[in-house]
Structure formats: structure tokens, C-alpha cells
Number of protein chains: 2
Amino acid sequence: MEQAIEDIRNTLGNEEMVSTDPEDLHRHGYSEWSTVNPDRLPVAVVYPRSTNDVSVIVRTCNEYSVPVIAYSGGTSLEGNFSAPHGGISIDFAFMDQIIKFNKDDMDIVVQPSVGWQDLNAKLAEMESGLFFPVDPGPTAKIGGMIGTNCSGTNAVRYGTMKDWIINLTVVLADGRIIKTKRRPRKSSAGYNLNGLFIGSEGTLGLVTEATLKLAAIPDEFSVAVVTFPSVRDAAAAAASVMQAAIPVACLELMDELQMRVINLSGSTAPRQWRELPTLFFKFSGTASSVADNIDRVRAITAKNNGGDFEFAKDAAEQKLLWSARKESLWSMLALRKENEDVWSTDVAVPFSRLADIIEITKKDLESLGLFATILGHVGDGNFHASIMYNKKDAAEYAKVEKCVKDMVKRALEMEGTCTGEHGVGWGKKSSLLLEVGPETLGVMKNIKQSLDPKWIMNPSKIMDVPGLEDEEKKLTRQDVVGSPAGPANMSTKK
Amino acid sequence: MEQAIEDIRNTLGNEEMVSTDPEDLHRHGYSEWSTVNPDRLPVAVVYPRSTNDVSVIVRTCNEYSVPVIAYSGGTSLEGNFSAPHGGISIDFAFMDQIIKFNKDDMDIVVQPSVGWQDLNAKLAEMESGLFFPVDPGPTAKIGGMIGTNCSGTNAVRYGTMKDWIINLTVVLADGRIIKTKRRPRKSSAGYNLNGLFIGSEGTLGLVTEATLKLAAIPDEFSVAVVTFPSVRDAAAAAASVMQAAIPVACLELMDELQMRVINLSGSTAPRQWRELPTLFFKFSGTASSVADNIDRVRAITAKNNGGDFEFAKDAAEQKLLWSARKESLWSMLALRKENEDVWSTDVAVPFSRLADIIEITKKDLESLGLFATILGHVGDGNFHASIMYNKKDAAEYAKVEKCVKDMVKRALEMEGTCTGEHGVGWGKKSSLLLEVGPETLGVMKNIKQSLDPKWIMNPSKIMDVPGLEDEEKKLTRQDVVGSPAGPANMSTKK
């Protein structure tokens, strides 16, 4: 690895591009947001300025069989950018430019470290009338968003990352640079390489440029909030709205505990909320269609025992009504006591099963004495559990871990998936195997092997490296606060 | 190949499943719709009844290195199901069942030979309120639609085939059976194998079952028709509609010649149409949103020199106004004289370039003395040219071929694609190479090699078989009427 770093330094001819600063290494190999962190860290962080720089770095790493891990926003939750085998983290921080805006074609060419919120701010500044609709965590960046095929509250209307990519420039494991497509909005020409690289978490190649589709900003918006006596009523109402083809822009569920957390944190003060399962709707379109959709949603939710129906009559009310949804995660984080952290996980099921899995999961959490809130992208059958735990308490950590595994198992029994939007990373590999089985995972491995025969691209993410399965079991979790003596190391001691 | 057929017959234990009837072989290896047909035919057609049957067939073929080609609707246009190396055609005719309808989840599990129109008829019969929105040629079936990642007039609103698949059951080259996913509507779990198999034209595996998403049928529909003095005005109007985020259900362009063809054929008699470039809109949604959208489209088209704006006030008028679009291909076919055929091809470009490419293509066709009509899925930047030619006239055939190649080159120069929805098949391999370049095609070949090391799955489609490039050049076109002495054999004589 030392020799690889030396070679990269020499070839790039810019000392500042390569860092071995311990703090830098820690930041690139460890995440306090992540449910898991392996013990090791990258041995260097490289800051390329161009696709060619990336190609040089990867070619050198391939020569020396050194792992290469992409880093952009650093907001992923399943150890997706961790470095279980060491290696080199490529931070795209300096590749954060808009390359070309094709307004008439409603697309834009960007580098991987453009943040989706910054992108939308720029599009607004230019009065383009366009926006990029995929909305994961606020500081996520395009590179990582492609890596995990992320989504967010807009997915029910606009789909996920894979629906918004026209082409990608990708550096392959041997340093070759390819472009997946030219710039048509629609194509049937050859294999859908966009679809393959999106969601592959940097295990097949590194995206250095992407052309994104943009959507036109609708004329009018509104927000509505409705409470329900039970999660089951709320889920049934959501399903009815979907089945009635009402084109809602967002459809989010927050359970009664999540609503209580908002009140407790005071994050939307002075507004207080009823502590009941609550659906949050966003509407967009023309003024009349928005008014229409509000009426229809009001009627449907009323039939499903919805109460306290409120909708926003102006922008200020929109902001107020949506604020509870917006502040949900921060409110939870604000309630953490010393040594406490929040384990955030997600699964998705066919939407007829959503109420079942949420009910069982809530009972399970309660019986384990864990405090957790549920937040659902309910139009997609996708929901998150945010579980508070004391990271110094090994027994509690184990409880949370088991609870999450059981939640995944239940989702799979209901024909769902172990992750609707966070990705597999380092944390959910065994869940993925359980989900698709060894034959299907074998196909993924065949593809991986064909494009990265030395397994240098983000190794041990999504799938184990063949032959290293046993070694991987020994790559224990680092203490969740970063100290090697912490309780999370219990897994080694077993 | 004989031994493989014998083995398959014995293993399946059902004589009727295997046919070597010459007419059957011809029907499965030759298509009068197709722009190209290689000389050879399959040596047998097998009619499996189950995924297991398919697995047995493919495993045997793999053992003997015999090509395997999937067949469902037989409507593809680029020789996608032809048999340039002989081999076995697997006709899914007896795998045409709906396996399971999950109404509450808005999805349905089907076998590959379910036709999309039949499926929609069944969904209507059941009063499900749901439909499958991908609408290619009327007799296309789900298996082939997955193969080419097809689309149709609804794509501007609903996307293409890849947007409507939840999971696939696939038989791999070695006979292994895998399922890509369980049944979540959204997932970030591992590589997007759906996206990879969709559009791979049976070169990576055979789809034996698919779970399709369904959409809720909107409440109200309408249709509007507007004429323009030029294709450029029509394209500009279409782009403005897209940029205004008006959620049209369809947005189709027909040029003045296509309108004349409708009149000439009498297919919509007594209705006659102005022979001008014309945009056809479909609207759907609530009554008020449809009315709203019609008003907005009327205003936008008026600004772009649109005239004769007509919209449907009831279902009968909808049918009448849409009839010209519906009858476009049949009207063209009806005008064929003896020995004449229609070469149907498609490309797509970023939509700001659509007017340019259509204008140049029309001039080119005119200067070559070819009669052709243009029909565009203009909201996707995708359009079709249907070119009339005498199939007994080698010089004319050559002219059409050159014209299509030039059209592809122009599309690529405008950052477009050689095919927006028909696929590459046997006919557009050199175009694909030109489009993506040897490195990107190399990645596709790596993936192909990893899943089908003997290259038995629909070989020589999308890409040449490595080592057989020269032999492929010799696999001449069969006469387009099926006689080996026909003029289309000219390519061998050069």
C-alpha cells in the first residue's frame, strides 16, 4: 500500500492531493451515523481533480491490488464507505462542479461532489424553472446518491436515483474510462449500464461525471396533515390514496412516538402536534389540480378514520405543516442523552403489508424496552426505524442489532427487501444474502468478478470477497465511539 | 445440434414440445417486419410449459454449445429473435398465464407470453381499476417487451419497461434458475439485476416469470390535436409543453406525409385531416386537471404557431381524434404496392435537437426519392421513420439502408442513441458500437462472458461473438421475401 501511495503521489505530481493525516483517515473510514464500523481505516485519502486523476489512482491501486473506496457526502448509514481492508479513500471534494447545463433538454452534467440541495439552489438562482427531485439526507452528494440508488420523500411521485440518470462517466477497476451512454432521455441500445452502476456502491467502478434529468417545478404546492387512531388506519388510508391514482408529491407517515419527539424537542415550537399516527401529504401541480387532490385526499382519509385534517392555505402554512416531517430526525437526535446514539435502518415491503410490519416492529421494540420512532415513505412501502440506544451498553447494542435483524427477516417474509434506500454496504450483507439467496448473489459476484477481477473496488461491500469470508468475520466492529476498547467489540469476544 | 434436440425431447418426455416443422422454423427465424434477416433458421422450436422445462432445455443446449433464442410475440424489428447461428428457438406460447394478481399491492405476476393488451383486457374485466401502461405494438408480449426495454406512446408519462418491473425469474445459460428480487416496489439491495436483464434481448438469460407494477386508471381522459406550419414549430411546442411540467399522458408528432397517408388510406374515413405536421395529445387525471391541462396546452401551442386546435369533449370524439395516431402504421402498410415493404426504424436525441434531425432526415429521404413518414414520441426525443421500398429492387434497398445508417449517425452526433425503443438485435450492432465505443461495448461483453461463457444465449445479438466477427460478416441477409435468390443477397456479392 505504501508503494501505491508513493506511486500515486509521484504520478499526480501534487503533494496536496494525497493525505495520510490521521484525522482525515478517521473521517473517511468511520461514521457516527453508520449502524456499523469495521476496525480498520483507509491508509490514505486522495483528492483527485479530474476523471484522469481518478483513472491514474485506480490504475495504480489495481497494479498493487490496493482497495479503492469512493467518498462524497459521507452520509451513508451502513458502513458503505468504510475501509475494512484498509486501502485508499478517494474523496471527490474537489470534483464539485456543474459541467454543463442543458436547459432546453432539461438535463445537467455534474461532478460527483455536487450536493443535491446546492444543485437545486443553483437551479433556483438561475431561474431555470427546473429542479432535481431526488431528496435523501440534506448533505448527500450526487456520487454517493448514485452509489446507493437513494431516494427520499419525493420518490412516491418521482422515483429513485436510477430514474434520473441519463449517462455516467465511470472509471473501471483497471483505470479504463467509459461513458455509459450519450445524452438521450430514452434508449434501448445495449445493456443498461446506468442501471447496473447505480446502486452498486462503488464496487464496479467510480462515477466521475453524471448527466441528470431535471424536472419542471410545478406551479403550485400545498401540504396536508391528518391524524389517525392507529398506524393501521393510516397505512390503509395511504394505500387507498395510491390506489385512487391521486398524484401526491409526497406521502409520509410518522408514528405517535415520532410526533411526541417533535413536541418534546420543541423543534417546531410553538406549534404542538397531536401525538397520534400522522400522514403528511405534499401536493403539487396547477392550482386547480392541487385543490382537487386535497379534496379527494380529505375524503379518502375521512373514510379511514382520519381526523384533524389540516391543509396549508399559503406558503407559510405549508412550511409550518411540513416542519414536523422536516425536523423528525433532528428532533430525535436532539433528545439523545450522554453516550446515546440513534440507529437508523430501513426496509420496504409490498404496501399491503406495511401496517403489519410496522405494528409487529413497534411491539417488538416496546417489549425490548427500546425507544424508537417510525417514519415511513408509505407510498413506496418503505419505512425507517430510528432506535435510541446507549452506545456504552453492550447488551443494549445487542438488543438493537437483534431487533433490526428480526425486522429485516419479517420484511423478507412479507416479500419485501432488507433496504429500500440506504443500500447494503458493510452492514447488511447477510441480510442481502438472506433476501436473494446464494444463486442470485452468485450472479452479482459473477458480474463483480468480470469487471473487477482483483476485487479492489470497495471490497467487502454488498458481498464478501470470495476466499476472505472468514477473515471478514474477524474484522470486528470498531467501538461506535471510536475507541477500540468499547463495548461494541463484543462481537469479537464471542 | 441433433443430439441436443434428441436429449431435450427425451428429458422433457413430451414429443409435442419439440417441433422441427419447416414452416415453424421459418416463422421463428424470419420476420417480414424486421429490417434484417440473417440466412439461417433455428433447427428446432421448443415449447416449454414451465420454468423447469426452460431450465432443462437451456442446460442441455449449454452442454452441447447450442444457441438458445427466446420467442414470444415475434413483433421485434431488428432481427432480435433471428437465428444467425441456427440453434433452438424457445417459444413461450404455452407460458401465457397470469400467475398471481396482488390487487392491493398494485402488481401482477405473469408468464412471458402474456400480451400487454390481453393483460389490460383482463384487468378491465376484473374491474380492478388498474392497467399496465407500457404500450408498444399491439401484439407484443411481456417477454419480448422485457427483452428490448420497449415503450410506446405512454412513455412520456409512465416511462419504459424498466420502470414497471418488480422482479424477474430468469433461467441462466447453465440452467440455473434465479429470482432477481422479492416483491418490494422500491429497493436498494444489491445490484439492480432487473435493470440488467431488461433490455438485454435474451443474451444474458431467459425471463420465465415477471412481477409487473400496475398503475391506477385515471378518472378522466381527453385528446387534443393541433396542426403546425412546420415540424420545427411542432417540436418547439412539444418542448414548451414538457418544460411547463404539464403532465400529458401522450405527446405524439406525425408529419405532413403521415397525415396524407391516413387520408389516402381512408382508414379514418369519413374524417379527413389537414396534411400538416400535427401534434396529438392525450390527457388524463381528474376532470378539472384534464380541463386545466387542455387550456394550458392550447395556450402554449398557439404561441408556437399551432392552429386548428381541437379537443375531444366525449369518449367518441377522443376515439376519433386519436384514430389517426392509432391507424398510422396500418395506413402506411395499406398503401404498399406489390413487392413493397416498410422499413421501420427509430432513433432518439435530446429533445432540443428533435426538429433538426427530423428536418435533415426528411430532406435526405426526399433527395433519395424515398417515400417515408415520420412519427415521433416527441416528449422523449424519440421518433420513427417508416420508409416504403421495393424489396425486389436491390438499389432501393441499399438506398434505404444507407439512409437509416446516416440517420443513426446524425442522432449520435446530436448526442442521441441509435434506438429509443426497438433494441439493437442483429440489425443495429454496428450502430451500437459507433454509439458507445469499443470500451463501453467491452464492458457489456465482459458481463455477457461472465454469465454466458459459451455465448449460447441469443448469440450475435447486441454484440458480435468474439472470434466469430468474420464469420458473422458472411452471414448474409436472407432475401426479404424468403427466397435465397432475392436481391437483398447483394451484400454477399460485394
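Suppose we keep only residues that are under 19 Å from A:V424 (Cα atoms) and aliphatic (A, V, I, L, M) within region A:342-357. Which one would you say is modelled with the lowest pLDDT? Before you say what the answer is, go through the steps one by one.
So the first thing to find is which residues in region A:342-357 are under 19 Å from A:V424 (Cα atoms), and the list is A:342-349.
Right, trim to aliphatic (A, V, I, L, M) and you get A:342, A:347-349.
Working: A:V342: 94, A:V347: 97, A:A348: 97, A:V349: 97.
Top of the filtered list is A:V342.
Listed residues A:D406, A:D364; which is acidic (D, E), assigned to a helix (DSSP H, G or I), in contact (Cβ under 8 Å) with a residue 12 or more places away in the chain and in contact with a Cys (Cβ under 7 Å, 6 or more places away or on another chain)?
Going through A:D406, A:D364 in turn, the sole match is A:D364.
Pairs under 6 Å by beta carbon, first residue within 10 Å of B:T208 (Cα to Cα) and crowded, with 19+ Cβ neighbours inside 10 Å in region B:48-59, partner among the small types (G, A, S) and modelled with pLDDT of 95 or more, six or more apart or different chains?
B:S55/B:G175
Inspect all residues belonging to region B:325-342 and state whether any of them is over 24 Å from B:G29 (Cβ atoms), surrounded by fewer than 24 Cβ atoms within 10 Å (Cβ to Cβ) and among the β-branched types (V, I, T).
The answer is no; no qualifying residue exists.
Taking interchain pairs and intrachain pairs at least six residues apart, which have beta carbon atoms under 7 angstrom, with the first residue in region B:107-129 and within 14 Å of chain A (Cβ to nearest Cβ) and surrounded by fewer than 19 Cβ atoms within 10 Å (Cβ to Cβ) and the second small (G, A, S) and assigned to a strand (DSSP E or B)?
The qualifying pairs are B:G129/B:A216.
What is the number of the single condition among (1) crowded, with 23+ Cβ neighbours inside 10 Å; (2) within 14 Å of chain B (Cβ to nearest Cβ) that A:F228 does not meet?
Here A:F228 meets the rest and fails (2).
Looking at this structure, is B:V261 within 14 Å of chain A (Cβ to nearest Cβ), surrounded by 17 or more Cβ atoms within 10 Å (Cβ to Cβ), in contact with a strand residue (DSSP E or B) (Cβ under 7 Å, 6 or more places away or on another chain) and hydrophobic (A, V, I, L, M, F, W, C)?
Values: within 14 Å of chain A (Cβ to nearest Cβ): no; surrounded by 17 or more Cβ atoms within 10 Å (Cβ to Cβ): yes; in contact with a strand residue (DSSP E or B) (Cβ under 7 Å, 6 or more places away or on another chain): yes; hydrophobic (A, V, I, L, M, F, W, C): yes.
In short, no.
For region A:442-474, give me the residue count where each residue is assigned to a helix (DSSP H, G or I) and either within 10 Å of chain B (Cβ to nearest Cβ) or buried (at least 16 other Cβ atoms within 10 Å of the Cβ) (or both). Before the answer, list the steps.
First, pick out the residues of region A:442-474 that are assigned to a helix (DSSP H, G or I): A:442-451, A:469-474.
Those left that are additionally either within 10 Å of chain B (Cβ to nearest Cβ) or buried (at least 16 other Cβ atoms within 10 Å of the Cβ) (or both): A:442-451, A:472.
Number satisfying all stated conditions: 11.
Determine, yes or no, whether B:R176 is over 15 Å from A:M161 (Cβ atoms), in contact with a Pro (Cβ under 9 Å, 6 or more places away or on another chain) and at the interface with chain A (Cβ under 7 Å from one of its Cβ atoms).
Details: over 15 Å from A:M161 (Cβ atoms): yes; in contact with a Pro (Cβ under 9 Å, 6 or more places away or on another chain): no; at the interface with chain A (Cβ under 7 Å from one of its Cβ atoms): yes.
No; evaluated as a whole, the condition is false for this residue.
Tell me, yes or no, whether region B:132-147 has at least one residue that is at the interface with chain A (Cβ under 9 Å from one of its Cβ atoms) and either out of contact with any Cys (no Cβ under 7 Å at 6 or more places or on another chain) or surrounded by fewer than 23 Cβ atoms within 10 Å (Cβ to Cβ) (or both). Write out each step before concluding.
So the first thing to find is which residues in region B:132-147 are at the interface with chain A (Cβ under 9 Å from one of its Cβ atoms), and the list is none.
Scanning region B:132-147 turns up no residue that is at the interface with chain A (Cβ under 9 Å from one of its Cβ atoms) and either out of contact with any Cys (no Cβ under 7 Å at 6 or more places or on another chain) or surrounded by fewer than 23 Cβ atoms within 10 Å (Cβ to Cβ) (or both).
Which of the residues spanning region B:273-331 are among the small types (G, A, S) and closer than 17 Å to B:M259 by Cβ?
Let us first name the residues in region B:273-331 that are among the small types (G, A, S), namely B:284-285, B:287-289, B:291, B:299, B:302, B:306-307, B:312, B:315-316, B:323-324, B:328, B:331.
B:G306, B:G307, B:S323, B:A324, B:S328, B:S331, listed by residue number.
Looking only at region B:158-192, count how many residues are part of a loop (DSSP other than H, G, I, E, B), surrounded by fewer than 21 Cβ atoms within 10 Å (Cβ to Cβ) and on the phi < 0 side of the Ramachandran plot. I'd like the intermediate steps shown before the answer.
First pass over region B:158-192, keeping only residues part of a loop (DSSP other than H, G, I, E, B): B:159-160, B:172-176, B:180-192.
Right, trim to surrounded by fewer than 21 Cβ atoms within 10 Å (Cβ to Cβ) and you get B:159, B:174-176.
Among the residues that remain, those that are also on the phi < 0 side of the Ramachandran plot are: B:174, B:176.
The number of residues fulfilling the criteria is 2.
Return the only residue of A:V43, A:V36 being at pLDDT 95 or above, aliphatic (A, V, I, L, M) and buried (at least 19 other Cβ atoms within 10 Å of the Cβ).
On the way: A:V36 fails: at pLDDT 95 or above.
Checking each option against the conditions leaves just A:V43.
For region B:276-294, what are the residues that are more than 25 Å from B:G152 (Cβ to Cβ) and either modelled with pLDDT of 95 or more or hydrophobic (A, V, I, L, M, F, W, C) (or both)?
If the condition is that a residue be more than 25 Å from B:G152 (Cβ to Cβ) and either modelled with pLDDT of 95 or more or hydrophobic (A, V, I, L, M, F, W, C) (or both), then B:A287, B:A291 are the ones that fit.
Of all the helices (runs of 4 or more DSSP H) wholly in region B:1-71, which have at least 2 residues that are within 18 Å of B:R176 (Cβ to Cβ)?
Numbers: elements: B:2-12, B:22-29, B:51-63.
Those helices (runs of 4 or more DSSP H) span B:2-12, B:51-63.
For A:S289, all conditions in the list (1) assigned to a loop (DSSP other than H, G, I, E, B); (2) under 27 Å from B:G379 (Cα atoms); (3) facing another protein chain (nearest Cβ under 8 Å) hold save one; what is the number of the exception?
(1) is the only condition that A:S289 fails.
Between A:L193, A:L212, which is within 7 Å of chain B (Cβ to nearest Cβ) and hydrophobic (A, V, I, L, M, F, W, C)? Step through it out loud before you land on a result.
Details: A:L212 fails: within 7 Å of chain B (Cβ to nearest Cβ).
Being within 7 Å of chain B (Cβ to nearest Cβ) and hydrophobic (A, V, I, L, M, F, W, C) holds for just one of A:L193, A:L212, which is A:L193.
If we keep just the residues of region A:308-322 that are of a type outside the set (A, V, I, L, M) and surrounded by fewer than 18 Cβ atoms within 10 Å (Cβ to Cβ), which is farthest from A:F228 (Cα to Cα)? Step through it out loud before you land on a result.
Keep residues of region A:308-322 that are of a type outside the set (A, V, I, L, M), which gives A:308-311, A:313-314, A:317-319, A:322.
When the remaining residues are screened for being surrounded by fewer than 18 Cβ atoms within 10 Å (Cβ to Cβ), the result is A:308-310, A:313-314, A:317, A:319.
Values: A:D308: 9, A:F309: 10, A:E310: 13, A:K313: 22, A:D314: 24, A:E317: 21, A:K319: 22 Å.
Ranking the qualifying residues of region A:308-322, first place goes to A:D314.
For A:S431, are the conditions met, namely being away from chain B (no Cβ under 13 Å), more than 22 Å from A:N192 (Cα to Cα) and within 21 Å of the chain's Cα centre (by Cα)? Let's see the steps before the verdict.
Working: away from chain B (no Cβ under 13 Å): no; more than 22 Å from A:N192 (Cα to Cα): yes; within 21 Å of the chain's Cα centre (by Cα): yes.
Judged against the criteria, A:S431 is not a match.
Can you tell which of B:E439, B:E421, B:E415 is surrounded by fewer than 24 Cβ atoms within 10 Å (Cβ to Cβ), within 12 Å of another protein chain (Cβ to nearest Cβ) and assigned to a loop (DSSP other than H, G, I, E, B)?
Values: B:E439 fails: assigned to a loop (DSSP other than H, G, I, E, B); B:E421 fails: surrounded by fewer than 24 Cβ atoms within 10 Å (Cβ to Cβ).
None of the other options fit; the residue is B:E415.
For region B:113-139, name all the residues that are within 15 Å of B:K213 (Cα to Cα), in a loop (DSSP other than H, G, I, E, B) and not polar (S, T, N, Q).
If the condition is that a residue be within 15 Å of B:K213 (Cα to Cα), in a loop (DSSP other than H, G, I, E, B) and not polar (S, T, N, Q), then B:V114, B:G129, B:F132, B:P133, B:V134, B:D135 are the ones that fit.
Just checking, does region B:72-87 include any residue being over 22 Å from the mean Cα position of the chain (by Cα), away from chain A (no Cβ under 14 Å), touching a residue at least 12 places away in the same chain (Cβ under 8 Å) and not in a loop (DSSP other than H, G, I, E, B)? Don't jump to the end; show me each part of the working.
At the first step, the residues of region B:72-87 found to be over 22 Å from the mean Cα position of the chain (by Cα) are B:85-87.
Now drop any that are not away from chain A (no Cβ under 14 Å), which leaves B:85-87.
Now narrow it down to the ones that are touching a residue at least 12 places away in the same chain (Cβ under 8 Å): B:85-87.
Okay, now just the ones that are also not in a loop (DSSP other than H, G, I, E, B), so none.
So far as region B:72-87 goes, no, none of its residues is over 22 Å from the mean Cα position of the chain (by Cα), away from chain A (no Cβ under 14 Å), touching a residue at least 12 places away in the same chain (Cβ under 8 Å) and not in a loop (DSSP other than H, G, I, E, B).
The values are calculated or read from the model by the stated rules, or taken from the named source; none is laboratory data. Only a predicted model underlies this, so the values are computations on that prediction, with no experimental measurement involved. Glycine gets a Cβ as well: all are built from the backbone with ideal geometry, and neighbour counts include every protein chain shown.
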